[in-house]
Amino acid sequence: MNRNQILKGYLAVLLSAVIFGCMPLMVKRIYADGVNSLSVVFLRNVLSAPVVGLLALWQHKSLKIDPKALPSVVLLGALGSCITPILLFSSYLFMASGVATVIHFVYPAAVMLGGVLFCRERVTRGNLISVLICLLGISLFYTPGQPLDWRGSALALVSGVTYAAYILMLAHFRHREIRGFLLNFYIFSINSLVMLLVCGIGGMLTLPTSPGIWALCFFFAVVINVCSVYLFQWGTLVIGGQQAAILSTMEPITSVFVGILAFRETMDLRTIIGSVLVIIASILIVLSGKQEA
């Protein structure tokens with residue numbers, strides 16, 4: 001793989017993280033209309049599936065896949081787009097979302113550990129230093145004195161582990177002929193059914209009440225699932241799970257700046273230092289990858 005392709009992979013993951021970090025701009029407006037978090041996950045999948053299906057037909061000329069690959073596709077989608085958000089959103093019931101997010105971002109270390117234990121991956125010195133700097137930076141987003149609930153902490157921690165499993169499975173996905181929009185069409189379609197059942201059984205399905213919010217939900221689904229998820233998956237296949245996991249921590253940094261610019265939130269010294277450390281970790285990863293290319 002040439003150097004330009006690898007650099008494009010780093011750029012794709014970084015851009016994906018930035019797009020994910022902009023989610024609060026849209027999600028807060030959707031929540032204000034009475035749509036709950038699980039319903040947002042359902043709408044994100046069901047509204048993007050037809051768009052991705054059309055793009056898959058254009059890209060691959062067919063929606064057929066090998067039936068033997070279906071279990072792997074189902075597991076990949078469940079880990080990344082169903083189980084992880086359900087666990088993370090459930091942790092918000094017991095603790096502040098900011099604290100839960102900090103715990104969730106243990107996944108770069110989990111990806112590195114899982115890669116060594118289960119995938120026989122090698123940990124380079126650059127990756128190890130970067131992940132340690134990254135974890136230190138993310139930990140500074142926690143404000144001393146905020147309550148820690150063991151149930152919320154456990155849910156957030158497990159969500160980080162399941163997301164790490166998703167990244168590792170994606171990086172080592174054997175059915176490379178099922179890629180891009182075709183892979184995501186099946187993931188989003190299956191997740192739509194799963195989330196509909198989860199919301200329906202729990203009586204938690206809430207839908208937008210106005211055409212404007214429906215339009216916003218559609219735009220949100222397309223931006224996140226068609227753009228960001230696709231970029232992250234492609235970038236992970238190019239640069240590997242460890243590097244992708246570390247670079248994706250740019251997401252909370254983006255969220256912080258979005259909060260400052262759009263919602264007039266404040267940034268204290270701890271958050272500034274944490275943001276700088278995460279950015280340094282990302283730069284180190286890109287530089288180390290540039291040397292290896």
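The values are calculated or read from the model by the stated rules, or taken from the named source; none is laboratory data. Given the structure is predicted, the values throughout are model-derived calculations rather than measurements. Note that we place each Cβ from the backbone using ideal geometry, even for glycine, and neighbour counts take in every protein chain shown. Just so you know, the surface numbers come from the protein's heavy atoms only, side chains and all, with ligands and any DNA or RNA stripped out. Shrake-Rupley method; radii C 1.70, N 1.55, O 1.52, S 1.80 Å.
Which of the following residues is touching a Gly at 6+ places or on another chain (Cβ under 8 Å) and assigned to a helix (DSSP H, G or I): ILE213, ILE224, ILE285? So that I can check it myself, show each step before the final result.
Values: ILE213 fails: touching a Gly at 6+ places or on another chain (Cβ under 8 Å); ILE224 fails: touching a Gly at 6+ places or on another chain (Cβ under 8 Å).
When all the criteria are applied, what remains is ILE285.
Screening ILE178 with (1) part of a loop (DSSP other than H, G, I, E, B); (2) free of Cβ contacts under 8 Å to residues at least 12 places away in the same chain; (3) aliphatic (A, V, I, L, M) gives one miss only, at (2). Tell me which helices (runs of 4 or more DSSP H) are completely within the range 30-129 and hold 2 or more residues being among the polar types (S, T, N, Q), or say none if there are none. Per the criteria, 37-60, 84-91, 97-104. Applying the set (1) under 30 Å from HIS172 (Cβ atoms); (2) surrounded by fewer than 21 Cβ atoms within 10 Å (Cβ to Cβ) to MET267 leaves exactly one unmet item: (1). The sole residue among SER159, SER210 that is open to solvent by less than 20 Å² (accessible area, probe 1.4 Å), over 15 Å from VAL51 (Cα atoms) and of a type in the set (S, T, N, Q) is SER159. Among the residues here, SER153 does not qualify as more than 30 Å from ARG270 (Cα to Cα) and assigned to a helix (DSSP H, G or I).
Give me the residue from the range 130-150 that is of a type in the set (Val, Ile, Thr) and in a helix (DSSP H, G or I) and, out of that set, most open to solvent (accessible area, probe 1.4 Å).
In the first step, residues of the range 130-150 are kept if they are of a type in the set (Val, Ile, Thr); the result is 131, 133, 138, 143.
Now narrow it down to the ones that are in a helix (DSSP H, G or I): 131, 133, 138.
Working: VAL131: 5, ILE133: 40, ILE138: 8 Å².
Taking the candidates together, the pick is ILE133.
With respect to the stated conditions, GLU265 fails to be touching a Phe, Trp or Tyr at 6+ places or on another chain (Cβ under 9 Å) and charged (D, E, K, R). Within the range 240-258, identify whether any single residue is within 26 Å of ILE6 (Cα to Cα) and open to solvent by 40 Å² or more (accessible area, probe 1.4 Å), and answer yes or no. Yes, there is a match, as at least one residue in the range 240-258 is within 26 Å of ILE6 (Cα to Cα) and open to solvent by 40 Å² or more (accessible area, probe 1.4 Å).
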